[in-house]
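Contents: one structure, followed by commentary.
The values are calculated or read from the model by the stated rules, or taken from the named source; none is laboratory data. Quick caveat, the model's predicted, so the values are computed rather than measured. Cβ coordinates were reconstructed from backbone atoms using ideal geometry, including for glycine residues, and neighbour counts include every protein chain displayed. Accessible surface areas use protein heavy atoms only, side chains included; no ligands, DNA or RNA. Shrake-Rupley method; radii C 1.70, N 1.55, O 1.52, S 1.80 Å.
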Amino acid sequence: DDDYSDSDGEGDGEEAEEERSAGADEPWIAMLMEKDYDELPLEHRIAALSFLVNLVTNGPTVRAKLDARAEEGLKLKKQLLEDLKNDRKRRQAAEAAAKTKAAEDRAAADVAPAGTGKTEAKADGMADKRAAGDANPNGGAEGAAGA
């Protein structure tokens, strides 16, 4: 009968009979006995195709392949999500390292080593202001306010 059977044959008769009788109540089956498939109304053709597709996809070989593919897809999705998480962590670590380096560079630029003249330049600037105030005949800003 069924040369393409995927199972060992035990209990197949009952299952096959159930599958065949599952669609026996359908009107398209009676119409298909009398007419060709092409002559069936669209609704009945769709019902017949749906029945056949369900019959095939619920078969052991196709079902095993579909399940294997679904499992493979889930594994790939998990791996992709794991890779994305690892990339995000690496990117965050690189950004943190860059921020730390930039902060260290700014701190190093703000703290000048002794003898560079940064502190001395501030002192010289204050001395210049005082000298300019002494040269002002009004005695600087305070002298102008007091006069």
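Give the calculated FRET efficiency between Lys78 and Ala107 to the nearest 0.05, with a Förster radius of 35 Å applied to their Cβ-Cβ distance.
The value I calculate is 0.20.
Rolling a 1.4 angstrom probe over the protein heavy atoms, how many square angstrom per residue are accessible across segment 27-111?
84
Report Lys89's accessible area, 1.4 Å probe, all protein chains in place, as a number in Å² to the nearest 10.
Lys89 has an accessible surface of roughly 140 Å² with all protein chains in place.
Hey, could you grab the Kirkwood Rh for segment 27-111? Inverse mean 1/r over distinct alpha carbon pairs, Å, one decimal.
One over the average 1/r among Cα pairs gives 18.8 Å for segment 27-111.
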